[in-house]
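Peer 1: One structure, pasted below without further comment.
The values are calculated or read from the model by the stated rules, or taken from the named source; none is laboratory data. Since the model is a prediction, treat every value here as computed from it, not as a measurement. Cβ atoms come from the backbone with ideal geometry, glycine included; neighbour counts cover every protein chain shown. Side chains included, ligands, DNA and RNA excluded: accessible areas come from the protein's heavy atoms. Shrake-Rupley method; radii C 1.70, N 1.55, O 1.52, S 1.80 Å.
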Amino acid sequence: MKEQLQSYIYVEKLLCDLYKKVATLSCLSDEKGMFLDFSKSCHEAVGCLKYFYKEQFGSEFDPMIPEINIQGTYREVLNHIQQQELESFLNYRQHTYFQDNYLLQETMRGIADSKLEHIIAIMAIVINMNDPQKTINNKHNLE
């Protein structure tokens, strides 16, 4: 369980940074705000996971996340984040059923629910990118 919690903390910190970076790529203020909210959600998950880590293992775990150099199109970055979120969601859901610690179990369930919200929102953005009419309307809104 120690390595799993370490992995979860690392991935949540990574996603926190990725959401901050992708917010700078978005042309729409609603999307920017949403990504910053998602970053905050990941930051809160880190705090919860670090609490359980310290409770179970008696020490702190605060990994350093290397500077993120985003490459690729906006869509590619969103697809990468969505893949990370989906993997995280599946891992968290797996741990919501077989935990002896009820509070940890419910925390994992809450984080998994947040992941699902993130996944659906990103999917909606990518789907809108595939709709030529919405793309034209968004370009007009930017002008």
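Peer 1: Under a GNM of the chain (C-alpha, springs under 10 Å), which listed residue has the highest mean-square fluctuation: Phe38, Phe52, Phe89?
Peer 2: The residue that fluctuates most here is Phe52.
Peer 1: Mind checking the log10 I(q)/I(0) for the range 47-112 at q = 0.16, 0.23 Å⁻¹? Debye, one equal scatterer per Cα, no solvent, two decimals.
Peer 2: -0.72, -1.03
Peer 1: HN-Hα J couplings of the range 47-60 from phi, Karplus 6.51/-1.76/1.60, θ = phi - 60°, integer Hz, Gly and Pro as x?
Peer 2: Taking θ as phi minus 60°, the curve returns x, 5, 5, 5, 4, 5, 4, 5, 4, 7, 10, x, 9, 8 Hz for the range 47-60.
Peer 1: Let me ask another. Just the number please: accessible area per residue for the range 1-91, 1.4 Å probe, all protein chains included, in Å².
Peer 2: Each residue of the range 1-91 exposes 56 Å² on average to a 1.4 Å probe.
Peer 1: Name the cysteines of the chain that stand alone by the Cβ rule: no other cysteine Cβ under 4.7 angstrom.
Peer 2: So far as the 4.7 Å Cβ criterion goes, Cys27, Cys48 stand without a partner in the chain.
Peer 1: Now, a different point. Could you quote the convex hull projected area for the range 1-117, Cα atoms only and averaged over all directions, in nm²?
Peer 2: The directionally averaged projection comes out at 7.1 nm².
Peer 1: Anyone know which of Asp131, Asp37, Asp62 comes out most mobile in the 10 Å Cα GNM of the chain?
Peer 2: Asp131
Peer 1: Find how much the distance from Lys32 to Leu103 grows on full extension, using 0.36 nm per residue of separation minus their present alpha carbon separation; answer in nm with one decimal.
Peer 2: 22.3 nm
Peer 1: Would you kindly derive the ³J(HN,Hα) couplings of the range 10-15 from the backbone phi angles with the Karplus curve 6.51 cos²θ - 1.76 cosθ + 1.60 (θ = phi - 60°), listing them in order in whole Hz, with x for Gly and Pro?
Peer 2: 4, 5, 5, 5, 4, 5
Peer 1: Oh, and also: Compare Thr73, Thr107, Thr24 in a GNM of the chain, Cα atoms joined below 10 Å, and give the one with the largest fluctuation.
Peer 2: Per the Cα network of the chain with a 10 Å cutoff, Thr73 tops the list.
Peer 1: Now a separate question. Roughly how many percent of the accessible protein surface of the chain is carbon and sulfur, given a 1.4 Å probe and a whole-percent answer?
Peer 2: 55
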